[in-house]
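Take a look at the structure below.
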Amino acid sequence: MSFFDDAAPLERLPETVRGGRLDPGRRGAVALAGVAAFALLLTGFVVWRGRPRTVALPPPAVVSAPVSTPGAALLVVDVAGAVRRPGLVRLPPGSRVADALAAAGGVRPGASTAGLNLARKVADGEQILVGVTGPSAGASPAPGGLLDLNTATASQLDGLPGVGPVLADRIVEWRTAHGPFTTVDQLREVSGIGARKLASIRELLTV
């Protein structure tokens, strides 16, 4: 007698096995569903990782050219003496005496610029005299032959004893920033003029 001829062993098998099907039960079904969901998520992740990516490029750098300010204040300078076109010239800030002479057409043949500092920066409202020397040249002298602090140019101030082109520029710059001098002693407020230097030039000045 074979195993298959004996029905007793089959009766001892579980109903799901004897019926030819496997019932995992509720917990088994939940477990299988979880495995299936995990497999789907894993497949989706692998596909997502392998997708083509768009790389964002940085925007091109924009280099802006310097923009000149329209209507910037120009310096007005009176160029007189031995130049081709004497009169008022307008110059950008930072211009020098050489630029003022060029704007006036240049120096006439035979004229000397030995008394001028061509590298000095000009100030608004000053007068540059070409071919004329001496501290009293140019504008009309003040009464008594004194030099007026409020009308003197840097070139005229440069002619004072102990006052060079740097100090003369400082006096003109102070006058431009603060307005006219009210007393000669106010020169003490200019950097580089101490009591001793002021005493040496006080008698040559007026306001």
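Does PRO180 fit the bill of being surrounded by fewer than 18 Cβ atoms within 10 Å (Cβ to Cβ), more than 39 Å from the chain's Cα centre (by Cα) and not in a helix (DSSP H, G or I)? Spelling it out, it is not the case that PRO180 is surrounded by fewer than 18 Cβ atoms within 10 Å (Cβ to Cβ), more than 39 Å from the chain's Cα centre (by Cα) and not in a helix (DSSP H, G or I).
Does the range 150-163 contain at least one residue that is part of a helix (DSSP H, G or I), more than 20 Å from ARG120 (Cβ to Cβ) and either at pLDDT 90 or above or within 36 Å of the chain's Cα centre (by Cα) (or both)? First the steps, then the outcome.
Just the residues of the range 150-163 that are part of a helix (DSSP H, G or I), to begin with: 154-158.
Now restrict to residues that are more than 20 Å from ARG120 (Cβ to Cβ): none.
No: zero hits.
Residues in the range 78-111 that are at pLDDT below 90 and under 18 Å from ASP124 (Cα atoms): ASP78, VAL79, ALA80, PRO86, GLY87, LEU88.
The values are calculated or read from the model by the stated rules, or taken from the named source; none is laboratory data. Predicted model, so just to flag it, every value in this text is computed and none were measured. Every residue, glycine as well, gets a Cβ built from its backbone with ideal geometry; the counts of neighbours run over all protein chains shown.
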